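Colleague: Questions regarding the structure given below will be posed in turn.
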Amino acid sequence: MILFQQVEKHYGDFHVLQTIDLEIKQGEVVVVVGPSGSGKSTMLRCINRLETITSGNLIVDECKVNDRSTDINQLRRDIGMVFQHFNLYPHMKVIDNITLAPMKVRGMSKKEAEEIAMHYLEKVGIQEKAHSFPSQLSGGQQQRVAIARGLAMKPKIMLFDEPTSALDPEMVGEVLDVMKTLAREGMTMVVVTHEMGFAREVADKVVFMDKGQIMEVSPPEEFFSNPKVERAQLFLQRVL
Ligand code: ADP
Ligand code: MG
């Protein structure tokens, strides 16, 4: 579903992604971990071309992301993204946040989009908030709305960039539970997170990044009990 081949990215003189090779299959859950500044967000954002790569190949759902002939809007329709700061439209009710893209981009009728919105709000457990504004919701609820908004586009891939990092601790679990359900249902997911319990429980593979490089790709049971590289050992000592 996602293939990085020898991908390089520079920000000016700064070599932020160095020879990235990574394959993510349909239905896989890949958790990306590593120190702050190691390039995790940049790698994630290349997948839907919020960032462009400098060289190499990046293929998503059989499209070369950086080819001129690739319809980037088409590709983005199939990729949902959830950010650390929920990025809901504050002046729009929850339900309107969710129906906006399906109506504008997928051309759905209002009625159809609202039915789908209610379905996904129910799925994330907050259908009763459909007619509230984002500011009337807790952080955990807002993040669940953001996930429902992504799902309403029926994406093939969901990207999560530290989705629980801005939440109060008591709200982390409710968001992770929604993500666990998605994973169990077979969604292809790439998740940047510091929640090592989630990685251990849900990941098919853990990708450890440091200084712009992928240092290790391992199944979670191996990564957490016997990391291959010293920098991963040091990282785990700090975060566990
Ligand atoms: P992470 O998500 O692992 O914390 P990022 O991908 O956000 O790391 O950033 C990796 C490095 O690239 C950091 O050193 C950051 O300062 C730098 N960086 C990120 N975005 C830009 C940008 N737009 N221009 C220049 N440098 C950037
Ligand atoms: Mg980041």
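The values are calculated or read from the model by the stated rules, or taken from the named source; none is laboratory data. The structure displayed is predicted, hence computed values, not measured ones. So basically every Cβ, Gly included, is an ideal-geometry build from the backbone, and we count neighbours across all protein chains shown. The area values use the complete protein model at the heavy-atom level, side chains included, leaving out ligands, DNA and RNA. Shrake-Rupley method; radii C 1.70, N 1.55, O 1.52, S 1.80 Å.
Colleague: With springs only between Cα atoms under 10 Å, which of V178, V207, V190 fluctuates most in a Gaussian network model of the chain?
Modeller: V178
Colleague: About the Cα centre, and with charges only on the beta carbon of Lys, Arg (+1) and Asp, Glu (-1), how big is the dipole of the chain? Nearest 20 debye, please.
Modeller: 600
Colleague: Further question: Given springs between every Cα pair under 10 Å in a Gaussian network model of the chain, which of R49, R77, R184 has the largest fluctuation?
Modeller: Of R49, R77, R184, the Gaussian network model singles out R184 as fluctuating most.
Colleague: Also: Compare C63, C46 by solvent-accessible area with a 1.4 Å probe and give them largest first, with all protein chains kept in place.
Modeller: C63, C46
Colleague: Straight-line reach from K205: which lysines have Cα under 20 Å away, leaving out those fewer than 8 places along the same chain?
Modeller: K205 reaches K25, K40, K156, K180, K228.
Colleague: Follow-up. At a probe radius of 1.4 Å, what is the per-residue accessible area of D161, in Å² to the nearest 10?
Modeller: Looks like 20 Å² after rounding.
Colleague: With every protein chain kept in the model, how would you rank H91, H10, H119 by accessible area, 1.4 Å probe, largest at the top?
Modeller: From most exposed to least exposed: H91, H119, H10.
Colleague: Rounded to the nearest 500, what is the chain's calculated 222 nm mean residue ellipticity when only DSSP H runs of at least 4 contribute -39500 (n - 2.57) each, over all residues?
Modeller: On the way: 9 runs with 91 residues, N = 240.
Counting only the DSSP helices, I get -11000 deg cm²/dmol.
Colleague: Answer with one residue from P219, A166, N57: the one whose Cα lies farthest towards the positive end of the charge dipole of the chain, charges on Cβ with Lys, Arg +1 and Asp, Glu -1.
Modeller: The residue sitting most towards the positive pole is N57.
Colleague: If you count only protein heavy atoms and use a 1.4 Å probe, how large is the accessible surface of L75, to the nearest 10 Å²?
Modeller: Its heavy atoms expose roughly 10 Å² to the probe.
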